[in-house]
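Novice: I have a structure here, written as structure tokens, and I will follow up with some questions on it.
The values are calculated or read from the model by the stated rules, or taken from the named source; none is laboratory data. On a predicted model such as this, the values are computed, not experimentally measured, just so you know. Cβ placement follows ideal geometry from the backbone for every residue including glycine, while neighbour counts extend to all protein chains displayed. Ligands, DNA and RNA are stripped out before the accessible areas are found, and what is left, the full protein with its side chains, is counted by its heavy atoms. Shrake-Rupley method; radii C 1.70, N 1.55, O 1.52, S 1.80 Å.
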Amino acid sequence: MAMSSILNADNIKKALDAFAAADSFEYNKFFDMVGLKAKSSDDVKKVFKVLDADNSGFIEEEELKFVLKGFAKDGRDLTDKETKAFLQAADKDGDGKIGVDEFVSLVKE
């Protein structure tokens, strides 16, 4: 499933452009800009499935680094600092990866 079938392609582009600089990524603003915060929990779960590249049921740190590429092929890689901050914010149970419920909670906070 393509991300553009869930979210507006123009919103995705604007959000990626807004966070194009290294160490500028703020997940709350990004999720708001792409329109994800306004989506239903079911749609947020669909986005999670797109981002879960290995279909493990979790977004691991290595996948998280490439999360912006999940929204568009030309998205940049997150820096190590951004990746760790994102993981720390979402990983509520401390297992080192983000489950679908943790992702939904993070998006909706």
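Novice: Enumerate the helices (runs of 4 or more DSSP H) found wholly within region 60-109, keeping only those where 1 or more residues are farther than 16 Å from L16 by Cα and touching a helix residue (DSSP H, G or I) at 6+ places or on another chain (Cβ under 6 Å).
Specialist: 61-65, 80-90, 100-108
Novice: OK, next. Run D43 past the list (1) closer than 18 Å to A85 by Cβ; (2) in a helix (DSSP H, G or I); (3) not small (G, A, S) and report the number of the one that doesn't hold.
Specialist: In the conditions (1) closer than 18 Å to A85 by Cβ; (2) in a helix (DSSP H, G or I); (3) not small (G, A, S), D43 misses (1) alone.
Novice: In the list A18, A22, A72, which residue meets the criterion of being in contact with a Phe, Trp or Tyr (Cβ under 9 Å, 6 or more places away or on another chain) and aliphatic (A, V, I, L, M)?
Specialist: Every option except A18 fails the conditions.
Novice: Got at least one residue in region 13-21 being surrounded by 15 or more Cβ atoms within 10 Å (Cβ to Cβ) and not hydrophobic (A, V, I, L, M, F, W, C)?
Specialist: For region 13-21, residues surrounded by 15 or more Cβ atoms within 10 Å (Cβ to Cβ) and not hydrophobic (A, V, I, L, M, F, W, C): present.
Novice: Taking interchain pairs and intrachain pairs at least six residues apart, which have beta carbon atoms under 8 angstrom, with the first residue in region 44-55 and of a type in the set (A, V, I, L, M) and the second assigned to a loop (DSSP other than H, G, I, E, B) and surrounded by fewer than 17 Cβ atoms within 10 Å (Cβ to Cβ)?
Specialist: Filtered contacts from region 44-55: V50/M1; V50/A2; A53/F66.
Novice: Let me ask something else. I'm checking my understanding of the structure. Among residues of region 24-35 that are out of contact with any Asp or Glu (no Cβ under 8 Å at 6 or more places or on another chain) and not small (G, A, S), which one is surrounded by the most Cβ atoms within 10 Å (Cβ to Cβ)?
Specialist: Only one residue tops the list, namely V34.
Novice: Exactly one of these conditions fails for V50: (1) open to solvent by 60 Å² or more (accessible area, probe 1.4 Å); (2) in a helix (DSSP H, G or I); (3) of a type in the set (A, V, I, L, M). Give me its number.
Specialist: (1)
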